1. Given (1) surrounded by 10 or more Cβ atoms within 10 Å (Cβ to Cβ); (2) on the phi > 0 side of the Ramachandran plot, where does residue 69 come up short, assuming only one miss?
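The values are calculated or read from the model by the stated rules, or taken from the named source; none is laboratory data. Predicted model only: the values in this text are computed from it and were never measured. Using ideal geometry, Cβ is built from the backbone for each residue, glycine included, and neighbour counts are taken over all protein chains shown.
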């Protein structure tokens with residue numbers, strides 16, 4: 001004789017405990033996020049953007065005249081736009097770097113002030 005009672009036709013069959021555990025495991029990702037995976041993803045994205053930039057440059061080869069103060073020159077339009085974008089990116093990096101240096105100096109001063117004791121000697125807080 002079995003220990004299970006037969007289910008009536010009006011009741012659905014009861015779920016077993018191992019099936020519930022299997023559902024809980026399926027919610028977890030099979031492979032965890034890693035830095036190597038993020039690196040590959042960013043490399044692929046970078047190469048796709050590079051391909052799009054190369055297509056943009058080759059399609060915009062019309063020469064355009066530029067002047068800045070006393071200098072006059074001409075460049076293909078795609079190259080000029082690319083150079084302007086690179087210059088803007090470098091300017092953004094320079095401003096961001098200056099801000100990070102400023103925040104690090106401030107944090108260093110606050111850390112030094114927090115570890116200084118009342119008599120002026122440094123110690124652990």
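1. Result: residue 69 fails condition (1) only.
Table: residues versus (1) touching a strand residue (DSSP E or B) at 6+ places or on another chain (Cβ under 7 Å); (2) surrounded by fewer than 10 Cβ atoms within 10 Å (Cβ to Cβ); (3) at pLDDT 90 or above.
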| position | (1), (2), (3) |
| --- | --- |
| 33 | no, yes, no |
| 38 | no, no, no |
| 55 | no, no, yes |
| 60 | yes, no, no |
| 96 | no, no, yes |
| 108 | no, no, yes |
| 112 | no, no, no |
| 122 | yes, yes, no |
